[in-house]
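For reference, the structure discussed in these notes is given below.
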Amino acid sequence: MSPKNLLISGGAGFIGSHLVRHMVHRYPHYTIWNLDKLTYAGNLENLRDVEPMPNYRFVKGDILDRDSLQALFDQQPFDGIIHLAAESHVDRSILGPLAFVETNVTGTVNLLEAARRQWDGHFADKRFYHISTDEVYGSLGDTGFFTEQTPYDPRSPYSASKAASDHFVSAWHHTFGLPVVISNCSNNYGPFQFPEKLIPLMIHHILTDQPLPVYGDGQNTRDWLWVVEHAAAIDLIYHQGRTGETYNIGGNNEWKNIDLVRLLCEVMDGLLGRSPGTSARLIHFVRDRPGHDRRYAIDATKLEKELGWKPCMSMKEGLEQTARWYLDNSEWLEHVTSGAYRTYYDQQYRGR
Ligand code: NAD
Ligand code: DAU
């Protein structure tokens, strides 16, 4: 394979850092550029091990800042772009939707335009890969799965902004011929996930002996995917996915929230040498998330049939590895939960 200049936006975030690590090691002849604003969710500590690699470059930048984006694209000819930069947390999108419209919609369009200008109709061997979510499809009842044909029906400001960004990416393909591909993935988990999301939040609370806030009746269901397997799927789709297509990615691993939290409590009791039931005593049902989608489940047959991708991490093993990582990285956890995190947490959970 020839050398390539690959831009990954949002590479200092949770999934982005796993993807950067994967690409830097797997493709030593590529130069991997990580463009990230370093919001509260972006953290260069996520990439300490990658920093010394000769094929890795970090650029601090905001996809809303068109001038800096243009300056970067003026300096570097990119062969491909994998776009992950986003505001990613549903609860935050309910507290403050505007940032989601700006970053996820306008930011995506800025990046599409930067790519279109640079490639200027010369699209051979170029690719714009947009990373999206299964939440664009809305909410399922007790049965059924999201396929690539499921109509869009987003319900939260976050999922509406991601749905809008998907439509813009698709429009740039149909109108301007930009060689795009999109994937819509289910809930990821693993090391480096910011502790506002369910699994790391619960781990943090177990470690600090705080209540475990389960929304509503705890019966909402998510399909969980080990983040390392998501990075591998992105690599495959980036290199072998068909232009103009959408691919669903899922873990084939549905869990009701309450069952998942109970399993995590068992895992944590085991790792901490506590008697069974200790962590579960912290479970606390709280007021539901407004517009809380009931169930997500992904049918990833297309990805499996076309590109041979299949997830294999078990939930128990994945949770053990995740929990162990947070135990071993208490400084990271302390760092990201200091300062503004407390204000967010109080706003989100106070009186619930
Ligand atoms: P994250 O919140 O952990 O990371 C987002 C990253 O984007 C951060 O590093 C942040 O600094 C950066 N960023 C935010 N605004 C920016 C801006 N204006 N300019 C440049 N950088 C900016 O998110 P994540 O969970 O890693 O998700 C990454 C992508 O994957 C998102 O697009 C998200 O919608 C999508 N996704 C996430 C999941 C999941 O379960 N976490 C599942 C499916 C899809
Ligand atoms: O499905 C993919 C999406 O998964 C991604 O696009 C999003 O970026 C990602 O944040 C995630 O969204 P969710 O809303 O599903 O993830 P979260 O971890 O916030 O919540 C998972 C479930 O747990 C959801 O049903 C809400 C519930 N929950 C969450 C938190 C933070 C609780 O019960 N208590 C909590 O404290």
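Decide, for the stretch 38-197, between rounded, prolate and oblate: order the square roots of the alpha carbon gyration tensor eigenvalues as a ≥ b ≥ c, take rounded if a/c falls under 1.5, and otherwise choose prolate if a/b is larger than b/c, else oblate. In terms of gyration-tensor shape, oblate. Of GLY244, GLY308, GLY273, the residue with the greatest mean-square motion in the GNM of the chain, using alpha carbon springs below 10 Å, is GLY273.
Just how far, in whole angstrom, is the stretch 47-98 from the stretch 104-154 if you go by their alpha carbon centroids? So the two Cα centres are separated by 16 Å.
Working note: Karplus 6.51/-1.76/1.60 with θ = phi - 60° gives the stretch 95-105 the couplings 5, x, x, 4, 4, 6, 5, 5, 5, 6, 9 Hz, where Gly and Pro are set to x. Along the stretch 125-137 the Karplus relation, 6.51 cos²θ - 1.76 cosθ + 1.60 evaluated at θ = phi - 60°, assigns HN-Hα couplings of 6, 9, 7, 10, 10, 9, 8, 10, 10, 6, 5, 5, 7 Hz to successive residues, with x for each Gly and Pro.
Bridgeable lysines around LYS316 (alpha carbons under 16 Å apart, same-chain partners fewer than 8 residues away excluded): LYS256. Taking the accessible area of the chain, probe 1.4 Å, and keeping the other protein chains in place, the carbon and sulfur fraction comes to 51%.
Just to confirm the number: angle between the C-alpha axis of helix 257-272 and the first principal axis of the chain, 0 to 90 degrees, nearest 10? Roughly 80 degrees between the two axes. Listed values for the stretch 159-172 are Karplus-derived 3J(HN,Hα) couplings in whole Hz (6.51 cos²θ - 1.76 cosθ + 1.60, θ = phi - 60°), namely 5, 5, 5, 5, 4, 4, 5, 4, 5, 5, 4, 5, 5, 5, and x replaces Gly and Pro. Averaged over its residues, the chain has an accessible area of 42 Å² per residue, based on protein heavy atoms and a 1.4 Å probe.
Plainly put, the chain has a radius of gyration that is 0.95 times its Kirkwood radius, both from alpha-carbon atoms, as the Rg/Rh ratio. Charge tally around VAL109: other residues with Cβ under 13 Å, Lys/Arg +1 each, Asp/Glu -1 each, net 0. Compared with the alpha-carbon gap, the fully stretched path from ARG352 to GLN240 is longer by 35.7 nm at 0.36 nm per residue. Ordering 220-229, 113-122, 340-349 by mean Cβ neighbour count within 10 Å, with the highest value first, yields 220-229, 113-122, 340-349. Residue ranges 168-179, 30-41, 68-79 sort as 30-41, 168-179, 68-79 when ordered by packing (mean number of other C-beta atoms within 10 Å per residue, highest first). To test your reading of the geometry: what angle, between 0 and 90 degrees and rounded to tens, separates the Cα axis of helix 107-119 from the longest principal axis of the chain? It is inclined by approximately 30 degrees. Under a 5 Å amide H cut-off, with hydrogens placed 1.01 Å from N, THR31 pairs with LYS4, ASN5, LEU6 among residues at least 5 apart or on other chains.
When peptides 250-263, 128-141, 4-17 are ranked by their average number of other Cβ atoms within 10 Å per residue, the highest-first order is 4-17, 128-141, 250-263. For the chain, the share of DSSP beta bridges that are antiparallel, to the nearest 5, is 5%. For ILE249, the residues whose modelled amide H falls within less than 5 Å of its own, excluding neighbours fewer than 5 places apart on the same chain, are ASN184, CYS185, SER186. Close amide H pairs (under 5 Å, H built 1.01 Å from N) link PHE285 with VAL214, residues at least 5 positions away or on another chain. Centre-to-centre, using Cα atoms only, the stretch 1-32 and the stretch 276-297 are separated by 35 Å.
The values are calculated or read from the model by the stated rules, or taken from the named source; none is laboratory data. This is a predicted model, so every value here is computed, not measured. Every residue, glycine as well, gets a Cβ built from its backbone with ideal geometry; the counts of neighbours run over all protein chains shown. Accessible surface is based on the protein model in full, side chains and every heavy atom, while ligands, DNA and RNA are left aside. Shrake-Rupley method; radii C 1.70, N 1.55, O 1.52, S 1.80 Å.
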